[in-house]
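Contents: one structure, followed by commentary.
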Amino acid sequence: CTPLNGFCLSILAAHASQTSNVAAGHTSSFQLFKLALTVLSSTEWSTQKITFGSATPTPLTEAEKSACGAHFYDSEGNLNFFWRLGPFIAEIGQEAKRCLHILDTQSDPYEAVFGQQSSSPCLLWDVTIRTPILGPGSLCPALARRSLPTDFAPTPSDAPQALAIAARMSEVLRRGLGDRCIQCAPRLVFGAPEAESEGVSVLVGCRLDAPMLERTLDRGPSAEAPEAQEFKALWGPEKSELRRFRDGSVLECVVWAKPPAGREAESRMQPSVVTQIVNHLLRRHFKNLGPRCDLVTGPSGFTSNLGEKDRRLWLAFEEFRKHLTHLNSLPLQVKDVHPVDPAFSYMAPSYRTAPLSEDGVSRDIHNVVAEFESSGRWPDDPSAGRKVAAAMLLKIKEELQNDLGLESDVAEGILDVKFPEFVFRVQIFHGKDLRDVAHRVTSFQLAASHRDPPTQEDVDRLRALWWRPRIRGVLHAEVLQRPAMAGAVRLCQRWFGTQLLSGYEEFVEHLVTYLFLHPDPFEAPTSPQVALARLLWLLDSHDWQHEPLLLDLDGKLSANERLQIRSSFERQQGEGLFWVASRFDPHVRLLRCPPMTVGLWLQRRARHCLSLTHQRLLGIGLAPNALGPLTGWESLFTLDSSIFDLILRLDLPKASEGVTKADLAKASAAHNALEDFVQKLTTQLSPICLVFRDLDARAVALKWRPAAFLPQHQHVLMGAVPHTMLRGQDGGVPICVPNVLALTSLVASLGEGLVSEIRVVGSLSGKTL
């Protein structure tokens, strides 16, 4: 909270009414509220002051600037109503501006303006510093000599300890982070998390600029400049140093240790640049308080959003694309080569290893699609088109080998081209093959429930050869403009994976992209940890049962197309809980979303995890000696197994465990065996259960379909699912129900050699098979 109390707001509302020539008794409370917000948002509080009854703000004198950070005086200019708001007025002004925008643009703005969740620090701040409890008297005027200097933040001489710390800490961090910091704002937290403690804590949060976070050299002023002394005072002689640059300039500089590339999480031994800066500033300017502050940087801390390996992949892909588009021995020209895999948009949490080649080099494999130019010579028959595509792949293999010396392997429908570090798996796409399927699936004018729906095989081919490449190209362009989006997708996919929802990576990508492209009622996220909190908030707060989620990926959705998507959503209500539509998939036939069975559970889980994130930021439930940027997040990634019926634990080697060629081959084979096992479970048991997995955690879960366990007629005995026959009522026709014991044995036999444990969830004995 902030010291903006009801008295200050009532005086502000009276001032807004008087200066707007509006009688308070003849206007609505809503309009009066907007007038007060306008005063807060339009005033430049750092250089201007407001006098009650005066419509025009006046400039501050130098004495006033050094005395306080916010000035709102009575009509005589004696009493400053906002004397406590100096450290908080910048965030209050930003919040007022945000609320005005929401009130003007949304039809139902109540929750976005007044809801506690929308103002939670975990939804706003990339890095948070929380002080320990300051004591009951920290909000009382300081009658004794102040304990903090005022060299960086102007505060009244009798400012309470909490306000003085808030002002100084936020200003020191703002100056130290420099252009890395978009906004720095303090808050006060009442109700201490520590047991038997009373008082208030200061919470200082910063919104950061993602492209600037990894810079390891901060340049200051010239050694002869007047600002050099202030720079040295900020960083101290132990950190500030003189450096000469190629242009001959000699500048005061600060150098930070560069963290290793490719790491998945920040560590105490190898902190990020931001963590180094904040820790140094706290130790230097708050010697007694700084070491006891809790620095919170999210579950994984600050890591590189755009990985170096992904950069090399894109450079290799551009070279490969150039080779294919310049082939001259093909009867048709390669129009373009499209990336498919998440690594092309820097979103892959891990990489697939290609089968070990004869040269013994371990390479990652990535799917791409080669699109040929339009031609009437392409056959109309799909089967003939596939034979032509196979012939094209053979011809490409021959020319790449003869002209460029690139080795490749060809199989049915694919060509694996080997680069030094990567393997590009090429598939061929020609618009003539899937034109009719695409029209029936993606046309805005046609209902999704067409009388002649395409087969599942055709939909899968359209998804693999047309939809995924288009989506990947758009995401790559967006990530280059918003680097934090890549790290956000990886972190959110990690959370989904711990909930055994691997396999819905594209669904996560769409949700995170929505948070960045349509961030209202917030600003766009600037860090993965904020994006994860926003994702949990979106899953919990969006009215999925009555409102579709429209993702305008390229800004080309027209009003009529939005109406068509809305109509399609209303026709399909009840088929699933989550409905995320885009111009490339207006009827949500290509995007795989979590089923209705787990939808409500996922919403409850998201609500719980969002509460855990908020509590971690405030230190609730955290031991006083368990401070650190990455501590206290374990419960966020804990699996709630109550929704599942069977959980299988797998015993497989990880790819990272292998160091020799044999180890790598063994790990790759084990991973393929696991995918085959999951596919077998899905194929054979899909009529009676849903299959969930997290391959990184080596876990698979089954959820029985409730409708499948209703009594059925004898014809189900003809299927692959084992059933038990029961005597019908009063000697009638026998009925059948699935045999759970036989099903469990079937699962165990399918996973022989892979499954180390089968646990029946919810059994009275917690039985493990």
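The values are calculated or read from the model by the stated rules, or taken from the named source; none is laboratory data. Just so it is clear, the structure is predicted and the values come from calculations on it, not from any experiment. We place every Cβ from the backbone using ideal geometry, glycine too, and count neighbours over all the protein chains shown. When the accessible area is computed, the model is the full protein with side chains, heavy atoms only, and any ligands, DNA or RNA have been set aside. Shrake-Rupley method; radii C 1.70, N 1.55, O 1.52, S 1.80 Å.
Quick look at the numbers
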read-out	value
Matching entry among Leu577, Leu600, Leu563, Leu591 (being at pLDDT 90 or above and closer than 20 Å to Val508 by Cβ)	Leu591
Condition met for Gly53 (assigned to a loop (DSSP other than H, G, I, E, B) and touching a residue at least 40 places away in the same chain (Cβ under 8 Å))	no
Residue match in the stretch 244-260 (condition: of a type in the set (A, V, I, L, M), open to solvent by 90 Å² or more (accessible area, probe 1.4 Å), free of Cβ contacts under 8 Å to residues at least 40 places away in the same chain and outside any loop (DSSP other than H, G, I, E, B))	no
Filter result (on the phi > 0 side of the Ramachandran plot, among the polar types (S, T, N, Q) and open to solvent by less than 60 Å² (accessible area, probe 1.4 Å)) within the stretch 1-60	none
The stretch 530-549 residues that are at pLDDT below 95 and open to solvent by 20 Å² or more (accessible area, probe 1.4 Å), paired with ones that are not in a helix (DSSP H, G or I) and not basic (Lys, Arg) (beta carbon under 8 Å, 6 or more apart)	His542/Leu549; Gln545/Gln573; Gln545/Leu577
Condition check for Glu457: of a type in the set (Asp, Glu) and open to solvent by less than 50 Å² (accessible area, probe 1.4 Å)	no
Flag if Ser408 is of a type in the set (Ser, Thr, Tyr) and open to solvent by less than 20 Å² (accessible area, probe 1.4 Å)	yes
Qualifying residue in the stretch 411-430 (condition: open to solvent by 60 Å² or more (accessible area, probe 1.4 Å) and either farther than 21 Å from Glu318 by Cα or among the aliphatic types (A, V, I, L, M) (or both))	yes
All positions within the stretch 475-491 that are of a type outside the set (A, V, I, L, M) and either open to solvent by 10 Å² or more (accessible area, probe 1.4 Å) or modelled with pLDDT of 95 or more (or both)	His476, Glu478, Gln481, Arg482, Pro483, Arg490
Odd one out for Phe344 among (1) touching a helix residue (DSSP H, G or I) at 6+ places or on another chain (Cβ under 7 Å); (2) open to solvent by 60 Å² or more (accessible area, probe 1.4 Å)	(2)
3 or more residues among the basic types (Lys, Arg) and closer than 25 Å to Val678 by Cβ: qualifying helices (runs of 4 or more DSSP H) within the stretch 446-562	none
Candidates Ser300, Ser267, Ser304 - the one that is open to solvent by less than 30 Å² (accessible area, probe 1.4 Å) and under 26 Å from Tyr351 (Cα atoms)	Ser300
Residue count, the stretch 65-96 (criterion: free of Cβ contacts under 8 Å to residues at least 60 places away in the same chain and either surrounded by fewer than 17 Cβ atoms within 10 Å (Cβ to Cβ) or assigned to a loop (DSSP other than H, G, I, E, B) (or both))	8
Residue under evaluation Ser107, criteria (1) part of a loop (DSSP other than H, G, I, E, B); (2) open to solvent by less than 80 Å² (accessible area, probe 1.4 Å), criterion not met	(2)
Count - residues of the stretch 188-208 that are open to solvent by less than 50 Å² (accessible area, probe 1.4 Å) and either modelled with pLDDT of 90 or more or in a strand (DSSP E or B) (or both)	11
Candidate set from the stretch 23-35 (those that are of a type in the set (A, V, I, L, M) and under 17 Å from Leu100 (Cβ atoms)); member that is modelled with the highest pLDDT	Leu35
